[in-house]
Amino acid sequence: MNELKKRKLRFILLEHDAVLPERDMIWFGSEVETARFRNEGKAIAVSIENIIEAVDKAVRLLRGITQVNRLYFGIDPGPRPGIAWLADGAVLGVAQLEHIEHVSGHISAIASTLDFKHMVVRIGDGAPLIRDRIINDCLTHSIELEQVNESKTSRGLLRHNHVVSAIRIALLSGKRVIEFRTVQPTEGDLREIQRQSRKLSNGRNTISTELAYDVATGKCSLEQATNENYSSS
């Protein structure tokens with residue numbers, strides 16, 4: 001229900017043996033339920049593991065999208081990156097991820113559930129340190145992507161509206177990224193990570209510059225670095 005609410009999709013709850021109010025209604029159920037009543041309405045099997053994919057399928061059915069020529073992904077880089085996925089320009093879904101390491105896996109998981117001819121992944125050019133780490137992770141997982149001029153995506157937006165920026169990024173052509181990036185944090189990057197460590201520990205701890213460097217280059221997470229028992233060795 002939370003995913004449906006996040007996407008502002010109207011829904012009703014039915015008892016497991018209730019009759020569908022409309023013959024062509026889209027409904028969710030377990031694999032057993034959808035197999036048993038597969039001829040009633042438009043059944044979508046859902047479990048804890050595939051909630052986003054199941055709701056994506058419902059959105060496609062609602063919009064009459066049966067075939068996808070181009071599947072677009074837009075990534076707005078940041079500590080909690082925004083990501084959007086579109087089918088031939090129609091928004092299927094958006095999300096704000098908790099960790100930058102989750103981006104490539106999120107893209108692969110969504111793409112694996114869709115039938116499409118071409119996939120285009122685009123990332124904004126802001127937050128260079130995080131952007132380059134995401135680029136490297138995507139390239140490591142054989143995900144080709146383009147870098148987009150992010151200044152064109154943030155006009156008229158509230159600050160930190162990452163998911164809307166991600167939609168705009170997905171729709172803009174960019175320059176294809178071919179090579180891995182060298183991740184070299186600046187002193188400002190390290191100070192910002194140290195500031196985040198103070199915030200995460202409620203002011204009790206500020207990690208060292210060495211640990212901040214490990215966080216910046218992806219050797220460890222900020223949560224790991226703020227753990228007093230963590231060692232960078």
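Rule-based calculations on the coordinates, nothing more; no lab input. Owing to the predicted nature of the structure, the values given are computational and were not obtained by experimental measurement. Glycine gets a Cβ as well: all are built from the backbone with ideal geometry, and neighbour counts include every protein chain shown.
With both partners inside segment 65-182, how many of the DSSP beta bridges are antiparallel, as a percent to the nearest 5?
That works out to approximately 60 percent antiparallel.
Rank the residues LEU171, LEU92 as a footprinting-exposure proxy: fewest other Cβ atoms within 10 Å of their Cβ go first.
Numbers: LEU171 16, LEU92 23.
Ordered from fewest to most neighbouring Cβ atoms within 10 Å, LEU171, LEU92 come out as LEU171, LEU92.
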Worksheet, complete the sentence: Restricting to Cα pairs under 8 Å and 6 or more apart, the percent relative contact order of the chain works out to 15
Worksheet item: What is the projected area of the convex hull of the Cα atoms of the chain, averaged over all directions, in nm²?
Response: 15.9
Discussion item. Just to be sure I understand the curve: with the Debye formula and one point per C-alpha of segment 187-226, what is log10 I(q)/I(0) at q = 0.21, 0.23, 0.26, 0.28 Å⁻¹?
Written reply: -0.49, -0.59, -0.75, -0.87
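In deg cm²/dmol, rounded to 500, what helix-only [θ] at 222 nm does the chain give when every DSSP H run of at least 4 residues adds -39500 (n - 2.57) and the total is split over its residues? Write out the running numbers ahead of the final one.
Working: 9 runs with 81 residues, N = 233.
Taking each H run of at least 4 residues, the total per residue is -10000 deg cm²/dmol.
Quick one: order THR186, THR226, THR34, THR206 by neighbouring beta-carbon count within 10 Å, fewest to most.
Working: THR186 11, THR226 21, THR34 18, THR206 15.
Ranked by crowding around the Cβ, least crowded first: THR186, THR206, THR34, THR226.
Net charge within 14 Å of GLN67 by Cβ-Cβ distance, Lys/Arg positive one each and Asp/Glu negative one each, not counting GLN67 itself?
Details: positive: LYS57, ARG60, ARG63, ARG70, LYS117; negative: ASP88, ASP115.
It works out to a net charge of +3.
I need the shape label for segment 1-58. Rule: rounded when a/c is under 1.5, else prolate if a/b > b/c, else oblate, with a, b, c from the alpha carbon gyration tensor. The partial results should precede the final answer.
Values: a/c = 1.82, a/b = 1.31, b/c = 1.39.
Taking the square roots of the gyration eigenvalues as a ≥ b ≥ c, segment 1-58 is oblate.
If you count the DSSP beta bridges with both ends in the chain, what percent of them are antiparallel, to the nearest 5? Intermediate results must be reported in sequence, preceding the final value.
Working: 15 of 29 bridges.
Within the chain, antiparallel bridges account for around 50 percent of the total.
Would you mind finding the longest exposed-site-free stretch of the chain, with exposed GluC sites (Glu not before Pro) meaning DSSP loop and at most 16 other Cβ atoms within 10 Å? Can you show the working numbers first?
Values: sites that count: GLU15, GLU22, GLU40, GLU98, GLU144, GLU179, GLU228.
Free of exposed loop sites, the longest segment is 41-97.
Determine, for ARG36, ARG122, the number of other Cβ atoms within 10 Å of each Cβ, and report the residues in order from fewest to most.
On the way: ARG36 12, ARG122 24.
Placing the least packed residue first, the sequence is ARG36, ARG122.
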